[in-house]
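The values are calculated or read from the model by the stated rules, or taken from the named source; none is laboratory data. If you're wondering where the values come from, they're calculated on a predicted model, not measured in any experiment. All Cβ positions, even for glycine, are placed from backbone atoms using ideal geometry, and neighbour counts span all protein chains on display. Remember, those area values only see protein heavy atoms, side chains included, never the ligands or the DNA or RNA. Shrake-Rupley method; radii C 1.70, N 1.55, O 1.52, S 1.80 Å.
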Amino acid sequence: MPYRTEPTDLASLWRARHPSGPPLAHTFRTTYADRWVRFHSLPESKRYPGTEAEYATVLDRYNTVLAELFAGGDVYVVTTDWSFTEAGAAIRSGRSGLHPQGERWWTESDTSDPDPDFHTYTHLYADRRTWQRGILDPVLRAVADDVLAEVFVTDTELTRIHHPYDGGADVILTTPAERDRLRTRHRVWLPTNAAGL
(Lines give C-alpha, C1' and ligand atoms only; values in the text may rest on other atoms or scores of the structure.)
Protein backbone atom coordinates (compact mmCIF):
# COMPACT_ATOMS: atom_id res chain seq x y z
CA MET A 1 0.00 0.00 0.00
CA PRO A 2 1.56 3.34 -1.01
CA TYR A 3 2.08 6.00 1.64
CA ARG A 4 1.79 9.68 0.96
CA THR A 5 5.12 11.17 -0.10
CA GLU A 6 5.87 14.66 1.11
CA PRO A 7 7.59 16.24 -1.91
CA THR A 8 9.52 18.88 0.03
CA ASP A 9 10.81 16.29 2.51
CA LEU A 10 12.04 14.00 -0.25
CA ALA A 11 13.70 16.83 -2.16
CA SER A 12 15.44 18.04 1.01
CA LEU A 13 16.61 14.52 1.80
CA TRP A 14 18.02 14.13 -1.73
CA ARG A 15 19.93 17.41 -1.46
CA ALA A 16 21.36 16.35 1.92
CA ARG A 17 22.34 12.82 0.84
CA HIS A 18 23.40 13.57 -2.74
CA PRO A 19 24.76 17.12 -2.98
CA SER A 20 26.76 16.19 -6.09
CA GLY A 21 23.77 16.42 -8.39
CA PRO A 22 20.06 16.21 -9.13
CA PRO A 23 18.16 12.90 -9.08
CA LEU A 24 18.45 12.25 -12.82
CA ALA A 25 18.77 8.49 -13.23
CA HIS A 26 20.87 8.58 -16.40
CA THR A 27 23.62 10.42 -14.46
CA PHE A 28 23.93 7.94 -11.60
CA ARG A 29 26.50 5.64 -13.19
CA THR A 30 29.00 8.48 -13.63
CA THR A 31 28.17 10.44 -10.47
CA TYR A 32 28.47 7.33 -8.27
CA ALA A 33 30.91 5.33 -10.43
CA ASP A 34 32.80 3.92 -7.42
CA ARG A 35 29.60 2.22 -6.14
CA TRP A 36 27.92 1.45 -9.49
CA VAL A 37 27.28 -1.84 -11.26
CA ARG A 38 25.23 -2.60 -14.36
CA PHE A 39 23.30 -5.80 -15.06
CA HIS A 40 21.78 -6.77 -18.37
CA SER A 41 18.20 -8.00 -18.47
CA LEU A 42 18.54 -10.80 -21.00
CA PRO A 43 21.16 -13.37 -21.98
CA GLU A 44 23.72 -12.25 -24.55
CA SER A 45 22.84 -8.63 -23.70
CA LYS A 46 19.71 -8.70 -25.84
CA ARG A 47 18.05 -5.32 -25.31
CA TYR A 48 14.31 -5.94 -25.77
CA PRO A 49 12.25 -8.99 -24.84
CA GLY A 50 10.33 -10.54 -27.71
CA THR A 51 8.47 -13.39 -26.01
CA GLU A 52 6.64 -13.90 -22.73
CA ALA A 53 9.50 -16.15 -21.60
CA GLU A 54 11.92 -13.27 -22.16
CA TYR A 55 9.64 -10.88 -20.27
CA ALA A 56 9.66 -13.37 -17.40
CA THR A 57 13.48 -13.37 -17.44
CA VAL A 58 13.60 -9.55 -17.45
CA LEU A 59 11.17 -9.27 -14.54
CA ASP A 60 12.94 -12.01 -12.59
CA ARG A 61 16.31 -10.26 -12.92
CA TYR A 62 14.88 -6.87 -11.93
CA ASN A 63 12.96 -8.36 -8.99
CA THR A 64 15.86 -10.50 -7.77
CA VAL A 65 18.16 -7.51 -7.37
CA LEU A 66 15.40 -5.28 -6.01
CA ALA A 67 14.58 -7.91 -3.37
CA GLU A 68 18.22 -8.17 -2.34
CA LEU A 69 18.39 -4.41 -1.92
CA PHE A 70 15.03 -3.66 -0.33
CA ALA A 71 13.34 -6.82 1.06
CA GLY A 72 11.26 -6.05 4.13
CA GLY A 73 11.69 -2.29 3.87
CA ASP A 74 9.95 0.72 2.45
CA VAL A 75 11.06 2.24 -0.84
CA TYR A 76 10.45 5.30 -2.92
CA VAL A 77 9.35 4.52 -6.46
CA VAL A 78 10.32 7.39 -8.76
CA THR A 79 9.01 7.92 -12.29
CA THR A 80 9.62 10.76 -14.72
CA ASP A 81 7.80 12.94 -17.23
CA TRP A 82 9.13 15.72 -19.43
CA SER A 83 7.53 18.90 -20.75
CA PHE A 84 8.50 21.91 -22.83
CA THR A 85 7.27 24.36 -20.18
CA GLU A 86 7.51 24.16 -16.42
CA ALA A 87 3.81 23.38 -15.98
CA GLY A 88 3.16 22.01 -19.48
CA ALA A 89 1.71 18.73 -20.69
CA ALA A 90 3.90 15.66 -20.59
CA ILE A 91 5.86 14.77 -23.72
CA ARG A 92 5.53 11.05 -22.91
CA SER A 93 2.12 10.15 -21.54
CA GLY A 94 2.65 6.67 -20.06
CA ARG A 95 3.74 7.66 -16.57
CA SER A 96 0.43 8.83 -15.12
CA GLY A 97 -1.36 5.61 -16.05
CA LEU A 98 1.34 3.37 -14.60
CA HIS A 99 2.21 5.45 -11.53
CA PRO A 100 -0.85 7.56 -10.72
CA GLN A 101 -0.03 7.70 -7.00
CA GLY A 102 3.27 9.44 -7.67
CA GLU A 103 3.52 13.00 -6.40
CA ARG A 104 5.78 15.53 -8.06
CA TRP A 105 8.79 16.18 -5.85
CA TRP A 106 11.41 17.58 -8.21
CA THR A 107 11.57 19.60 -11.43
CA GLU A 108 14.89 19.99 -13.19
CA SER A 109 15.03 22.53 -16.00
CA ASP A 110 17.31 22.51 -19.02
CA THR A 111 17.18 25.98 -20.52
CA SER A 112 20.73 25.98 -21.88
CA ASP A 113 19.62 26.28 -25.51
CA PRO A 114 19.16 29.92 -26.54
CA ASP A 115 15.95 28.94 -28.36
CA PRO A 116 13.11 28.59 -25.82
CA ASP A 117 11.45 26.04 -28.11
CA PHE A 118 14.19 23.62 -27.06
CA HIS A 119 13.92 24.13 -23.30
CA THR A 120 12.81 21.04 -21.41
CA TYR A 121 11.68 20.31 -17.88
CA THR A 122 12.17 16.96 -16.18
CA HIS A 123 9.50 16.23 -13.58
CA LEU A 124 10.05 13.48 -11.01
CA TYR A 125 7.17 11.79 -9.19
CA ALA A 126 7.44 9.51 -6.16
CA ASP A 127 5.42 7.40 -3.83
CA ARG A 128 6.49 5.40 -0.80
CA ARG A 129 5.51 1.76 -0.38
CA THR A 130 6.64 -1.43 1.29
CA TRP A 131 8.77 -3.47 -1.09
CA GLN A 132 7.33 -6.80 -2.24
CA ARG A 133 8.49 -8.90 -5.15
CA GLY A 134 6.28 -8.22 -8.17
CA ILE A 135 4.78 -4.99 -6.82
CA LEU A 136 6.34 -2.99 -9.67
CA ASP A 137 5.95 -5.49 -12.51
CA PRO A 138 3.71 -3.24 -14.66
CA VAL A 139 6.19 -0.35 -14.29
CA LEU A 140 9.18 -2.63 -14.92
CA ARG A 141 7.57 -4.14 -18.00
CA ALA A 142 6.92 -0.63 -19.33
CA VAL A 143 10.59 0.21 -18.72
CA ALA A 144 11.64 -2.93 -20.61
CA ASP A 145 9.51 -1.75 -23.55
CA ASP A 146 10.90 1.82 -23.34
CA VAL A 147 7.43 3.17 -22.51
CA LEU A 148 8.85 4.60 -19.28
CA ALA A 149 12.36 5.94 -18.79
CA GLU A 150 14.37 7.43 -15.92
CA VAL A 151 12.62 5.25 -13.34
CA PHE A 152 14.40 4.42 -10.10
CA VAL A 153 13.71 2.76 -6.78
CA THR A 154 15.52 3.70 -3.58
CA ASP A 155 15.31 3.01 0.12
CA THR A 156 13.85 5.73 2.30
CA GLU A 157 17.31 6.96 3.31
CA LEU A 158 18.36 7.18 -0.38
CA THR A 159 21.44 5.01 0.19
CA ARG A 160 20.79 2.30 -2.44
CA ILE A 161 19.37 3.00 -5.89
CA HIS A 162 18.07 0.64 -8.56
CA HIS A 163 17.59 2.29 -11.97
CA PRO A 164 16.02 -0.10 -14.47
CA TYR A 165 16.28 0.84 -18.12
CA ASP A 166 15.38 -0.88 -21.40
CA GLY A 167 18.06 -3.55 -21.49
CA GLY A 168 19.21 -3.71 -17.89
CA ALA A 169 19.63 -1.90 -14.61
CA ASP A 170 22.17 0.43 -13.05
CA VAL A 171 22.55 -0.20 -9.33
CA ILE A 172 24.19 2.14 -6.82
CA LEU A 173 25.28 0.56 -3.54
CA THR A 174 26.47 2.06 -0.26
CA THR A 175 30.14 1.07 -0.66
CA PRO A 176 32.44 -0.37 -3.33
CA ALA A 177 32.64 -3.59 -1.26
CA GLU A 178 28.85 -4.00 -1.25
CA ARG A 179 28.84 -3.32 -4.99
CA ASP A 180 31.49 -6.00 -5.52
CA ARG A 181 29.51 -8.59 -3.56
CA LEU A 182 26.37 -7.93 -5.60
CA ARG A 183 28.34 -8.00 -8.85
CA THR A 184 29.87 -11.36 -7.89
CA ARG A 185 26.49 -12.91 -7.01
CA HIS A 186 25.09 -12.01 -10.43
CA ARG A 187 28.23 -12.13 -12.58
CA VAL A 188 26.45 -13.98 -15.41
CA TRP A 189 24.22 -10.90 -15.88
CA LEU A 190 27.16 -8.50 -16.29
CA PRO A 191 27.92 -6.78 -19.59
CA THR A 192 30.80 -8.41 -21.41
CA ASN A 193 32.64 -5.24 -22.45
CA ALA A 194 35.50 -3.83 -20.38
CA ALA A 195 33.64 -0.63 -19.46
CA GLY A 196 30.81 -2.58 -17.84
CA LEU A 197 28.25 -1.12 -20.22
Accessible area in the full protein assembly, largest first, 1.4 Å probe, for Arg129, Arg141: Arg141, Arg129
With DNA, RNA and ligands ignored, accessible area of Arg104 (1.4 Å probe; Å², nearest 10): 100 Å²
Helix axis angle, 52-70 relative to the chain longest principal axis, alpha carbon, degrees: 80 degrees
Charge context of Pro49, other residues only, Cβ under 15 angstrom, K/R +1, D/E -1: -4
The chain: angle of helix 7-17 to the longest principal axis, Cα-based, in degrees nearest 10: 60 degrees
Gaussian network model of the chain, springs between alpha carbon atoms under 10 Å - residue of Thr80, Thr130, Thr51 with greatest fluctuation: Thr51
Rounded tilt (10° steps) of 176-185 against the dominant C-alpha axis of the chain: 50 degrees
Net charge contributed by nearby residues that have their C-beta within less than 13 Å of Asp180 (K/R +1, D/E -1): +4
Relative contact order [Cα under 8 Å, 6+ residues apart], the stretch 1-111, whole percent: 29 percent
Max mean-square fluctuation residue, GNM over the chain, Cα-Cα springs under 10 Å, options Glu52, Glu157, Glu178: Glu52
Average Cα contact separation per residue, the chain, under 8 Å, 6 or more apart, as relative contact order %: 32 percent
Gyration tensor (alpha-carbon) shape descriptor, the stretch 152-197, a/c threshold 1.5: oblate
Accessible area in square angstrom per residue, the stretch 37-116, 1.4 angstrom probe: 50 Å²
Of all accessible heavy-atom area on the stretch 98-197, the percent that carbon and sulfur account for (1.4 Å): 50 percent
Computed magnitude of the charge dipole of the stretch 1-155 (debye, nearest 20; Cβ of K, R +1, Cβ of D, E -1): 440 debye
Around Tyr165: net Lys/Arg minus Asp/Glu count, Cβ-Cβ under 11 Å: -1
